[in-house]
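Below is one structure, written out as structure tokens; comments come after it.
We did not get these values from a lab; they are worked out from the coordinates using the rules stated. Source: prediction; values computed, not measured. As a convention, Cβ positions derive from the backbone with ideal geometry for all residues, glycine included, and neighbour counts pool all protein chains shown.
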Number of protein chains: 2
Amino acid sequence: MAKNLEISALLDYYGMLLTDKQRETVEYYYDDDLSLGEIAENTGISRQGVRDSIKRSETILLEAEEKLGLMKKSERLKNSLEQIRRNIDIIDGKNMKIYRSDIINESIKKILKELDKLDEIIMN
Amino acid sequence: MAKNLEISALLDYYGMLLTDKQRETVEYYYDDDLSLGEIAENTGISRQGVRDSIKRSETILLEAEEKLGLMKKSERLKNSLEQIRRNIDIIDGKNMKIYRSDIINESIKKILKELDKLDEIIMN
């Protein structure tokens, strides 16, 4: 059974769509790198049952990304946020060194606070 | 059958999770405000079939939001983006009137471009 490296990342976005049992098997397999036999032992499911559960979970996760595209969107969001941070830094540098405007400084602080919030929302 | 006003909004986020037939019935009902009888006529499904399809779709949409929370997240993202825009405007105003820095001006333009991208990603 070939491992699909995308699965681990998709778990962060769509893990909630799996049943507890499905999530358990697929996390053992992808996050903890256990063998099918080890997972069977840990969960009390047959080896074939573990394999089926993982396969079914993979299908759910891949279909969710195909339909909702959250992982792809999230990458684009992160890229844009990084660009914004970079340019805020430039403005901040200029302001600190040359203009020393309190109003600009205050606005920069508020923007940085919102950027942190955006990061946090996107991350979970 | 009581209409749940949240459903129309949830369709924008999770419509892809429905089958074509489910999406069709629920859009007729919530977006076009057709009666069950009218939808039955349009789709060739029985009135009871239409009702079942809408109920099932509502369950799928509400569960998706409960599990993934995209609508709630999206509202929070929009709020933060609005705050950032507001503060960029303040910086822009100050810069235009007083400091006239080309470097700041250029960074503001880049940030506004990224904010537009973020809006677009969030909106669809």
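Listing for the model above:
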| read-out | value |
| --- | --- |
| Residue within region A:107-114 that is touching a residue at least 12 places away in the same chain (Cβ under 8 Å) and more than 17 Å from B:Leu115 (Cα to Cα) present | no |
| Some residue of region B:51-60 being touching a Leu at 6+ places or on another chain (Cβ under 6 Å) and facing chain A (nearest Cβ under 9 Å) | no |
| Matching residues, region B:61-80, being at the interface with chain A (Cβ under 9 Å from one of its Cβ atoms) and of a type in the set (Lys, Arg) | B:Lys67, B:Lys73, B:Arg76 |
| Test result for B:Tyr28, touching a helix residue (DSSP H, G or I) at 6+ places or on another chain (Cβ under 7 Å) and over 24 Å from B:Ser74 (Cβ atoms) | yes |
| All helices (runs of 4 or more DSSP H) inside region A:22-101 with 2 or more residues being polar (S, T, N, Q) and buried (at least 18 other Cβ atoms within 10 Å of the Cβ) | A:47-68, A:70-94 |
| B:Asp119 being more than 9 Å from chain A (Cβ to nearest Cβ) and either touching a Lys or Arg at 6+ places or on another chain (Cβ under 7 Å) or under 20 Å from A:Ile121 (Cα atoms) (or both) | yes |
| Residues of region B:81-104 satisfying the condition of being more than 8 Å from every other protein chain (Cβ to nearest Cβ) and touching a residue at least 12 places away in the same chain (Cβ under 8 Å) | B:Arg85, B:Asp92 |
